[in-house]
1. State, to one decimal in nm², a quarter of the convex hull surface area for the C-alpha atoms of the chain, i.e. the direction-averaged projected area.
2. When the helices in the chain are scored as -39500 (n - 2.57) per DSSP H run of 4 or longer and the sum is shared across all residues, what 222 nm value do you end up with, to the nearest 500 deg cm²/dmol?
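Derivation of every value follows stated rules applied to the coordinates shown; laboratory data play no part. Being a predicted model, the structure only gives us computed values, none of them experimental.
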């Protein structure tokens with residue numbers, strides 16, 4: 001009888017071992033799924049932050065370039081106005097008086 005009891009015990013141990021392996025496999029699958037979700041969530045967050053950082057960097061670069069361009073345009077306009085002011089300053093006073101007199105005469109004739 002001992003042999004039957006050993007065989008019976010061996011069969012039960014095999015069943016318990018198979019059940020334990022099945023449960024362990026289920027636990028491992030569940031853990032792997034959770035790990036995959038966590039990794040995916042971390043990747044998504046990382047990509048979101050990267051896009052945000054890249055957008056901010058691009059925006060900062062754009063603003064720097066736009067400001068530089070605006071300063072150059074302002075200098076160009078300032079030079080043009082300085083040139084016009086110098087031309088007006090060098091215009092002879094007598095020519096201005098003559099032109100003003102012509103305007104006054106023209107207005108008075110009407």
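1. Values: hull surface 57.4 nm².
Dividing the Cα hull surface by four gives the mean projection, 14.3 nm².
2. Details: 2 runs with 106 residues, N = 110.
After summing the helix terms and dividing by residue count, I get -36000 deg cm²/dmol.
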